[in-house]
Structure formats: structure tokens, C-alpha cells
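*Asks:* One structure, pasted below without further comment.
Quick note: the coordinates plus some simple rules give every number you see, no bench work behind them. The structure displayed is predicted, hence computed values, not measured ones. Neighbour counts are summed over all protein chains in view; Cβ atoms, including those assigned to glycine, are modelled from backbone coordinates with ideal geometry.
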Amino acid sequence: MPIPASSRSRATTAVPWRALVALASAVFLSITIEMLPTGLLPEMSRDLGVGAPLVGLLVSVFAFAVVVTSSPLTALLRRVPRRTLITVVLVVLALSTAASAVAPDYGSLVAIRVVGGIAHGLFWALVGAYPARLVGPEHLGRAVSVVLGGGTIALIAGVPLSTALGQAVGWRWAFGVVAIATLAGAAVVRAVLPADGPARTVPAGASEADAAEASARTAAPPDRASMRGVLAVCLVTAIVMIGQYAALTYVAPLLTDVVGASPAAVAPLLFASGLAGAAGLIVAGSAIARDSVRALVVAITVLAIALVAIAAEPGLWPGIIAYTVWGFAFGAIPPLLQTRLLQAAPPDRRDAASALYTTAFNIGIGGGALVGGLLFGAFGAASVPVAYAALLVVAAVVVVASARAARGRAGAVARA
């Protein structure tokens, strides 16, 4: 029996808030787990009998595991229903975090974090593509922003709260509490997400025409040209993240030596930047950013201007304003990149595209720390934002060129 037009309209325009909030909660827990060691370096260092830099490497180990395993595992498990797989991955994250809480020594903890990193990478390959399964194209930007908002909240609240808990009762208890919360999150995800198959390419309730079009695209052989936009987004992601994490690694000397803030002001400024980033994420999910390409170019441009302003050492308050603008502009960039990725990827290859995006993101994290260290050692703190701004110019050029190429291909198809 055909679905009435009015029912189809309601199904495709409704936003499944429960499912999106469940995914955002899972993202919150995943990012909190990834960053847990950063706030508890002294406590973990004393308890494990190793230096703080070795504890810091636990985050790098996590990221390295993501880079190596994300894409192969996504391809290997492509036939497993997504709801089932994302639930299992969250359970593995929870168990690895619980195991971290009782790890007898540093070597055991490294091995456990490798397992957690593998699960983390697969989780992000799945969760990055999941909004496209739940909403139609008109709501994609908003859905992505809601889901990624969990990561922003994790940095603003999850990591600080878990740090405070670990300092109060011990780092092992903090890991244990987060592990229990993640198990609960897995149960919620299983209960709230709609049942799906391994190759679902249209959101629940989509029209018969949408379903037929998706089916035809799934049956068609992969088009190499169709993945060029995905590769361009991944390239832009790696470029931007290298610059961002080069600067973030040395944000304290940037704020004190270049902006002129006191050491006591660093933590409040980081918090203010996080709030500004949350505002940028909200804007990225609004109607203002409906054209993802234009919005992405604007955000990149604003960020580059803010970085150049910081490097010019304009004084304390202008520098603080520029730093806040940096947080706001960057807050919009990851959701815009993720939205652009899902728009560019063929529906049947969104999980694979998301896995590539996750790999590019983590390459940027690891590479950024290295680049930042080289620049800081050779030229000083002020050189880092200048280099970041230069990378952003390259990223903007790639975004514009890729969008023009995509329009050219679409025009050629239309004329054929």
C-alpha cells in the first residue's frame, strides 16, 4: 500500500531527536575516554611509576590505533547491522576503560589503550555516517552538529569532571566510573536507535522515490569520480587538524608569551574558547550554514584572520578577542566538514568515507604535535599561528576547487 504524501512529508522532515541525542551521548563518552589521561597525568605518573610524558603517550597510542585500523575494520565489518556494531563497539570501549582502571603496570595499560583505540576508530567511522541514516538532506547539517556536539561537551565538561573525580578519589576510580557510564550509553543506543541492515542508505520513513534512487545507486558499480569529493574533504581535514593541533599543543605559551595573558588566566581562557566553539557548532547546524561549502570557506577565512591577529601581538584584550574568535570559528569547522563529507559520499559508501575522515583527523592530531614542536623550537611561539593560517589558505583553495569540480561533473551528467 503506498504511503500517503502527507505521511511521507512528515517522515522525511521530522528530526529523530532521541536517536541523535543518544549518539551525541555516545560521542561524549568516547571523547572523554580518549582524553582521560590528559587531566590525570600527575596521578597516573605517580601510581604507575613512569614519567608524565609516557602517560601523555597513552593518548598518542589511542590515536595511532585509530589511524591503522579504522578503514580496514570498517570494510571488514560492512555486512554487520550498524546498530548492532555501534553497540558492540561501545561495550568494547567500556570494557577497555574498566580494564585500564585495574591495569597492574604501564605496559599493560598501553596494550589496553591500543584495544580501546581500535574500538574508538571504528566507533567514529560508524557515528560519523549515522546521521545520514536518520534524517533527510535538509536536516543533515543540524543532525551532524547535534551528534558532534557530544564531543564539544566532553571537552568542556566531561574531561574536567573526570579529572576532578580522579584527583579526589584516584585516577582508577575515574576510569571505572566512565566505564560504567559507557556501558549504560551502549544500552541506551541499542534501545533508541532504529533497527537497520548493513547497507541501509536512506533514512527511516523516506519516500519510495528516495528509496528507489538509493537502491539504484547501491546496485551501480563504484564510481571513482564520486569519491573525489570525499578525498578532498579528508585532505582538508588533515591540513586543518595539523594546524589546529600544532597550535593547541603550545597554546599555553601562545597565551602567555604572545597574547600576554598571565599563567593563571590560561585555564579560564581555554574554557571561554570551548564555550565559543560550542556557539560555532550551533551556528554550523543552523540555516545560516545550509550551504556547507560557503560556510566552510567563511569559517576557515575567519579563523585565519584571527590567527594572524594573534601572531601580530596586538595587546592583551585584542589578543583575547582574537583567541575567542579562533575558538568560535574552529567550532564550526568539524561539523561542516562532516556534513560536506556525507554530501559528497555515495550513500552506500558513507561508512567507508567516514572511516577515511577519521583516519585523516587522527593523522592531523599526530602530525600537528610534531609540526608544532618543530616550529616552536626553531622560530618561537608566534610562528605557530602564522603557519596555521598559511595551511588554512591551502585548505580553502582545496575546498573551492573541489566544489567547482563537483559542479562541473554534475553539469556534465545533466547534459549527457
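*Asks:* If packing is taken as the average number of other Cβ atoms within 10 Å across a peptide's residues, how do 330-343, 22-35, 108-121 rank, most packed first?
*Replies:* Ranking, from highest mean packing down: 330-343, 22-35, 108-121.
*Asks:* Over what distance in Å are the Cα centres of region 63-87 and region 240-302 separated?
*Replies:* 30 Å
*Asks:* Quick one: P(r) of region 276-416 from all Cα-Cα pairs, 10 Å bins, percents rounded to integers, in order of increasing distance.
*Replies:* Histogram of Cα-Cα distances, whole percents per bin: 11, 33, 36, 15, 4, 1.
*Asks:* Follow-up question, since we're still on this one. So, in Å, what gap is there between the alpha-carbon centers of region 146-190 and region 13-44?
*Replies:* Cα centroid to Cα centroid, the span is 7 Å.
*Asks:* Continuing with this model, one more query. Working out 0.36 nm times the residue gap between residue 228 and residue 386, then minus their Cα-Cα distance, what length gain in nm do you get to one decimal?
*Replies:* 54.0 nm
*Asks:* If only Cα atoms are counted, what is the Rg of region 310-382, and what is its Dmax, in Å?
*Replies:* When restricted to the Cα atoms of region 310-382, Rg and Dmax are 16.9, 51 Å.
*Asks:* Sorting check: for 175-181, 236-242, 189-195, which peptide has the highest mean count of neighbouring beta carbons within 10 Å, and how do the rest follow?
*Replies:* Order by mean packing, descending: 236-242, 175-181, 189-195.
*Asks:* With each pseudo-label sitting 7 Å past Cα toward Cβ, what's the residue 187-residue 169 distance in nm, one decimal?
*Replies:* It is 1.8 nm.
*Asks:* Using r as the Cβ-Cβ distance of residue 256 and residue 305, and R0 as 30 Å, what FRET efficiency do you calculate, to the nearest 0.05?
*Replies:* 0.85
*Asks:* Give the average over all directions of the projected area of the C-alpha convex hull of region 75-208, one decimal, in nm².
*Replies:* Hull-based average projected area comes out at 9.2 nm².
*Asks:* Could you give me the radius of gyration and the Dmax of the chain, taking only the C-alpha atoms into account and expressing both in angstrom?
*Replies:* Every Cα atom of the chain included, Rg and Dmax give 21.5, 70 Å.
*Asks:* Moving to a separate point now. Assuming 0.36 nm per residue, please report the length gained on full extension of the stretch residue 80 to residue 161 beyond their Cα-Cα distance.
*Replies:* Length gained, residue 80 through residue 161: 25.7 nm.
*Asks:* I've got another one for you. With a Förster radius of 35 Å, plug the Cβ-Cβ distance of residue 54 and residue 180 into 1/(1 + (r/R0)^6) and report the FRET value to the nearest 0.05.
*Replies:* 0.85
*Asks:* What's the FRET efficiency of residue 68 with residue 195 using the Cβ-Cβ distance as r and R₀ = 25 Å, to the nearest 0.05?
*Replies:* Approximately 0.20, to the nearest 0.05.
*Asks:* Return an integer: the convex hull volume of the alpha-carbon atoms of region 227-272, in Å³ per residue.
*Replies:* Given the Cα convex hull of region 227-272, per-residue volume reads 77 Å³.
*Asks:* Per 0.36 nm of contour for each residue apart, how much would the distance between residue 108 and residue 17 grow if the chain were fully extended, relative to their Cα-Cα spacing?
*Replies:* 28.8 nm
*Asks:* Once both labels are modelled 7 Å past Cα along the beta-carbon direction, what's the residue 115-residue 235 spacing in nm?
*Replies:* Modelled inter-label distance: 4.0 nm.
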